[in-house]
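A short write-up of the structure that comes next.
The values are calculated or read from the model by the stated rules, or taken from the named source; none is laboratory data. Small disclaimer: the values here were computed from a predicted structure and weren't measured. When we count neighbours, we look across all protein chains shown, and the Cβ atoms used for this are built from the backbone with ideal geometry, even at glycine. We work out accessible area using only protein heavy atoms, side chains counted, and drop any ligands, DNA or RNA first. Shrake-Rupley method; radii C 1.70, N 1.55, O 1.52, S 1.80 Å.
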Amino acid sequence: MVALAVVGVGNLTFHVVVSRMLGPAAYGAFGSLLVLITLMTVPAGGFQALVTARTARLVQSGRPVDGRVLLGRALTIGALCTGAMLLAAPLVQRLLRLTSVWPALCLALYCVPLAAMVVPWGLLCGQGRFGTVGAVAVASTVVRVGVAVLFIEAGLGVSGAVAASVVADSLQASALYRASRRRAGERAGAVSLRLGARTAVGGVAAYSGLWLLTGVDTIAARQLLDPVVAGRYSAAATALHAALYGPHAISMAVLPAFAAADVARARRLLGRTLLGSAAVLVPAMIVLTVLSPWLVPLVFGSTFQVPVHVIAVMAGATCGIGLLWVLVQYNIARSGSGAGVAWLGVAVAAVGVAVWHTGPLALAIVMLPAAALPLAGAVWSVVRRTPSATPDRGRRRLAEPEAPVDLTVVVPYYNPGPALRANLRHLREELSGCGVSFEIIAVDDGSTDGSAGSISDLGPAVRRLALPEHQGKGAALRCGLLAGNGRYLGFIDADGDLDPVLWRSFVRLIELYEPDGVVGDKRHPLTMIDADASWTRNVCSAGYRLLVRLLFPSLPVRDTQVGLKVFRRQLIADILPYCEERRFVLDVEILALANRLGYRRILAAPISLYRVDRSTVTARAVLRMFGDTLRLGWRLRVRAEYQLPAAGTADAPAAARPDVVYRPVLTEVP
């Protein structure tokens, strides 16, 4: 935080020197280029925050991190952006009304050092090495000011000022890479740091909206006001935005804690961070506003005169943007849905300046609602995310097994008719031939056809449970899984469509690969289906698979609704207390939460399907299933209601903790 404060003073010094050497008109052009540089650094900032958060989680769990793969991808993107901006340089010249194309060309070269810097910066911050990052940033700021003086004195003008940033950040990227490489390469078995495309795009979009909101009034001033007036407005905005380094530094320091802490602790930390940021911003804005008649001309030159009432309005908007910065950092670290609210402010500002741009005061007033509305939205996104799916609400947890067995198979049923007894006997025979100890738990979901009485004499291997009323397949499955004693817990439909002989191959896959789970897949190349389904059933199945793929694109399996699955006991213990579904969507909920918690070693296995037309799935049930799936996607991806434990914490699942070693769980039965 001290280093970033020094960097803030150094950047202000850079602007003072450049403004005095260039004058108001040329500095206005440079200010517009700086906004574009900011827009380039915004994706980098979002990427840095994601890298920091991911690194912090891994470091907290004691796992070394290697960022070389991610750095290579970042450099590739930087090179592509440089090529695109070189081609667009003439367009940038016309857009910003520059006297030469050279400043735009220098701006294009800035993409490569920027891309080279983001991953080492995030790695070092995630490891808590803020001192190293701060020292390098301070040295880069000093170099930037010195090189700018040399280039402008040499007659390079605005191009020289931009080139100074390119040189300084190139040296900064090199130093950060050396520091991060030395620490990451010292330990064997490092985890290769990776970010999914969806996660990266979300973080970049959030930061892009935030920084565009910070500079949208400066861009509008350059386009709509006289060049001299625009230069004065840019100088005042630069002086006020220097105070944003306070919340920037504070939020950067607590970002690893935002990411790694549980939700309650993270919210308390967010409250303290907002109070600390306000304690920095408000006094700074008051001082700058009161002293502006003397401070702005003293710092930028006697020609930079901005009325006090304009600066006062600009200061109010700057306070809102500073607090919004902290909330965006929090939502990015926690994968919250409110990270992109700054785009609302950008839209408000764009409409406002298009309608009303009579002068600097009009632009400043427009920025007040442009900052206030997204700030309110960000606060609401945090407040409304009240934990709803937590294991602390009286939900049952998976108990220690009373009589441990290798495999538990749950069979939920609802009015299956006389076929239930034969199907359970067949299942018992096939499991007996698998060479493992097992139990069958038949769960009656409030049947009214008397089928429960037909299985009362199937022996101790078949346990019987009953729900007092019909609640749904998901409720019956949860009841059976909670009662299971198996080291692996699975289930199969009771209608007889799926041949119980499939358990032989499932058990063999468990013995060979010890996966987190094995699920049946109708689309597996080796799957055999003996009868064609109706066109309506095919359409519904295809539509449902598409819906699941759109809502949960990272699931490790393509087919989620085959009624034959088995999971590691630890996975069920970690997932089931959070599950809410009571009907046919429990399968998807288990798979989605397992994927979110890091259980990704789930195999898809071929099945043999014999349709016997005894399904209890009606048209109404299909419509409910689509609706339940949409609500599940809303809760998981939009509302973020599933407050799952952070990786590396004591409550984290086994898949997210390095101290948990998977060992063979099946034993031979003589």
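Among the residues of the range 439-452, just one is closer than 13 Å to Tyr414 by Cα, of a type in the set (Val, Ile, Thr) and outside any loop (DSSP other than H, G, I, E, B), namely Val443.
Scan the range 522-533 and give yes if some residue there is in contact with a strand residue (DSSP E or B) (Cβ under 6 Å, 6 or more places away or on another chain) and open to solvent by 50 Å² or more (accessible area, probe 1.4 Å), otherwise no. Yes: the range 522-533 contains one or more residues that are in contact with a strand residue (DSSP E or B) (Cβ under 6 Å, 6 or more places away or on another chain) and open to solvent by 50 Å² or more (accessible area, probe 1.4 Å).
In the range 23-33, what count of residues is obtained for those that are of a type in the set (A, V, I, L, M, F, W, C) and either surrounded by 22 or more Cβ atoms within 10 Å (Cβ to Cβ) or touching a strand residue (DSSP E or B) at 6+ places or on another chain (Cβ under 9 Å) (or both)? Walk me through it before giving the result.
From the range 23-33, those of a type in the set (A, V, I, L, M, F, W, C) are 25-26, 29-30, 33; that's our starting set.
So of that shortlist, the ones also either surrounded by 22 or more Cβ atoms within 10 Å (Cβ to Cβ) or touching a strand residue (DSSP E or B) at 6+ places or on another chain (Cβ under 9 Å) (or both) come out as 29-30, 33.
Adding up the residues that qualify gives 3.
The residues of the range 319-360 that are in contact (Cβ under 8 Å) with a residue 60 or more places away in the chain and assigned to a loop (DSSP other than H, G, I, E, B), listed by number, are Arg334, Ser335, Gly336, Ser337, Ala339, Gly340, Val341, His357, Gly359.
To keep it simple, each residue is scored yes or no on (1) more than 25 Å from Phe14 (Cβ to Cβ); (2) modelled with pLDDT of 80 or more; (3) open to solvent by 30 Å² or more (accessible area, probe 1.4 Å).
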{"position": "Ala220", "(1), (2), (3)": "no, yes, no"}
{"position": "Ala230", "(1), (2), (3)": "no, no, no"}
{"position": "Val254", "(1), (2), (3)": "yes, yes, no"}
{"position": "Leu270", "(1), (2), (3)": "yes, yes, no"}
{"position": "Pro297", "(1), (2), (3)": "no, no, no"}
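Tell me, which helices (runs of 4 or more DSSP H) wholly within the range 453-560 include 3 or more residues that are free of Cβ contacts under 8 Å to residues at least 40 places away in the same chain and of a type in the set (Asp, Glu)?
Details: elements: 473-483, 502-513, 535-551.
It comes to none.
Residues are listed down the side, and each one gets a yes or a no for (1) without any contact (Cβ under 8 Å) to a residue 40 or more places away in the chain; (2) farther than 23 Å from Val290 by Cβ:
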{"site": "Gln223", "(1), (2)": "yes, yes"}
{"site": "Asp226", "(1), (2)": "yes, yes"}
{"site": "Tyr233", "(1), (2)": "no, no"}
{"site": "Thr238", "(1), (2)": "no, no"}
{"site": "His241", "(1), (2)": "no, no"}
{"site": "Tyr245", "(1), (2)": "no, no"}
{"site": "Ser251", "(1), (2)": "no, yes"}
{"site": "Leu255", "(1), (2)": "no, yes"}
{"site": "Phe258", "(1), (2)": "no, yes"}
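Could you tell me whether the range 123-130 includes any residue that is part of a helix (DSSP H, G or I), buried (at least 22 other Cβ atoms within 10 Å of the Cβ) and among the small types (Gly, Ala, Ser)? Yes, because at least one residue in the range 123-130 is part of a helix (DSSP H, G or I), buried (at least 22 other Cβ atoms within 10 Å of the Cβ) and among the small types (Gly, Ala, Ser).
Report yes if some residue within the range 74-85 is more than 23 Å from Val59 (Cα to Cα), open to solvent by less than 60 Å² (accessible area, probe 1.4 Å) and within 23 Å of the chain's Cα centre (by Cα); otherwise report no. Within the range 74-85, one or more residues are more than 23 Å from Val59 (Cα to Cα), open to solvent by less than 60 Å² (accessible area, probe 1.4 Å) and within 23 Å of the chain's Cα centre (by Cα).
Out of Leu576, Leu477, Leu481, report the one residue that is buried (at least 22 other Cβ atoms within 10 Å of the Cβ), within 18 Å of Asp628 (Cα to Cα) and at pLDDT 90 or above. Give the derivation first.
Numbers: Leu576 fails: at pLDDT 90 or above; Leu481 fails: within 18 Å of Asp628 (Cα to Cα).
Matching residue, one of Leu576, Leu477, Leu481: Leu477.
Within the span defined as the range 382-405, one or more residues are assigned to a helix (DSSP H, G or I), modelled with pLDDT under 85 and either under 36 Å from the mean Cα position of the chain (by Cα) or within 30 Å of Leu489 (Cα to Cα) (or both).
Close Cβ contacts (under 7 Å, 6 or more residues apart or on different chains) running from residues in the range 160-173 that are farther than 10 Å from Arg144 by Cβ to residues that are aliphatic (A, V, I, L, M) and not in a helix (DSSP H, G or I) comprise Gly160/Ala154; Ala163/Leu156.
In this structure, does Ala79 turn out to be part of a helix (DSSP H, G or I) and either within 19 Å of Tyr177 (Cα to Cα) or among the charged types (D, E, K, R) (or both)? If you could, list the steps in order and put the result at the bottom.
Details: part of a helix (DSSP H, G or I): yes; either within 19 Å of Tyr177 (Cα to Cα) or among the charged types (D, E, K, R) (or both): yes.
Yes.
Thr141 - would you say it is part of a loop (DSSP other than H, G, I, E, B) and of a type in the set (S, T, N, Q)?
Judged against the criteria, Thr141 is not a match.
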